[in-house]
Amino acid sequence: MLRTVYVMWLREVKKFLRSPSRIVAALAQPLFYLLALGYGLGGVFKAAGQGSYVQFLVPGIVGMTIVFTSIFNGMQVIWDRQFGFMKETLVAPVPRSGIMLGRTLGGATVATLQGLVVLGLTLALGFQPHTWVLVPPAIGVMFLVAAVYSALGIIVASHLSDMQGFQFVVNFLVMPMFFLSGALFPLSESPFALRAVAAFDPLSYGVDGMRILLSNISHFGETADVTVLSVVAALLLGLGSYRFAAMEA
């Protein structure tokens, strides 16, 4: 099974490294948000006594990059089903759970690499980590977020057979999760109802975890962030393995 996981993981990573255009295309949206909001609203944020908006915003922008990259890993599943590759994979004498786990971890690795590219670009735009010592743990949180949404993307894809339906469902799920996660605004200053909704959003804990480690700003606390992300990742990996095992090519 470990060999299956490794082969599928390596396949996803190689596809990413062979597609420089995919890397560049994924940078447009996060950079737009950073420039338009980070500098456009920076003066307002500072005047409200909240400090640098760029320092606050960057972890949220990195989280956005990771989520959109990782969840669209599920689209590759639909693509493979439509063009026959999935059938060849599923009839192979290997455990389907290993195939799903390898694809999920591969998608999570790709999304984490994409997040690191965006994080690197933000350094040139004025962002500075609170301390470089905590950057490696922040990368670990990034990978947990990527694993959660890569598994979610595969679960959604296992129920669908066309890309249009996948894009509709993903936008319906991901956009509210992103905007309600506190990626763009401080949850501590939000109404109680919004904070209550954010508490059920896994991305809230991912953004908060990165924000603690990169910008020294916390809402839930590091222990809660890592615990929730780990539990949700484990649950989705289990559910995804079950759905993948039952999926027809």
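The values are calculated or read from the model by the stated rules, or taken from the named source; none is laboratory data. Remember, it's a predicted structure, so these values are computed and weren't measured experimentally. When we count neighbours, we look across all protein chains shown, and the Cβ atoms used for this are built from the backbone with ideal geometry, even at glycine.
The figures follow:
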item	result
Only listed residue being more than 18 Å from the chain's Cα centre (by Cα) and not in a helix (DSSP H, G or I), chosen from GLY98, GLY126	GLY126
Unique match (being under 18 Å from ASN73 (Cα atoms) and basic (Lys, Arg)) among ARG243, ARG211	ARG243
Boolean, ARG22 is assigned to a helix (DSSP H, G or I), modelled with pLDDT of 70 or more, surrounded by 13 or more Cβ atoms within 10 Å (Cβ to Cβ) and not small (Gly, Ala, Ser)	no
Pairs, first in contact (Cβ under 8 Å) with a residue 40 or more places away in the chain in segment 216-238, second among the basic types (Lys, Arg) and in a helix (DSSP H, G or I), C-beta under 8 Å, six or more apart	ILE217/ARG211
Hits in segment 33-76 - residues which are modelled with pLDDT under 80, crowded, with 24+ Cβ neighbours inside 10 Å and of a type in the set (A, V, I, L, M)	none
Checking TRP132 against (1) touching a residue at least 12 places away in the same chain (Cβ under 8 Å); (2) of a type outside the set (Val, Ile, Thr); (3) surrounded by fewer than 16 Cβ atoms within 10 Å (Cβ to Cβ), the condition it does not meet	(1)
Residues being surrounded by 14 or more Cβ atoms within 10 Å (Cβ to Cβ), aromatic (Phe, Trp, Tyr) and without any contact (Cβ under 8 Å) to a residue 60 or more places away in the chain - total across segment 165-200	2
Residue check, GLN29 under 17 Å from SER181 (Cα atoms), at pLDDT 75 or above, assigned to a helix (DSSP H, G or I) and among the polar types (S, T, N, Q)	no
Selection count where residues are more than 15 Å from the chain's Cα centre (by Cα) and either farther than 15 Å from PHE200 by Cα or buried (at least 22 other Cβ atoms within 10 Å of the Cβ) (or both), scope segment 222-233	2
Residue that is modelled with the lowest pLDDT [pool: residues in segment 198-249 that are acidic (Asp, Glu) and farther than 17 Å from VAL67 by Cβ]	GLU248
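Quick grid of which residues meet (1) closer than 20 Å to PRO30 by Cα; (2) in a helix (DSSP H, G or I):
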| site | (1), (2) |
| --- | --- |
| PRO136 | no, yes |
| SER150 | yes, yes |
| LEU160 | no, no |
| VAL197 | no, yes |
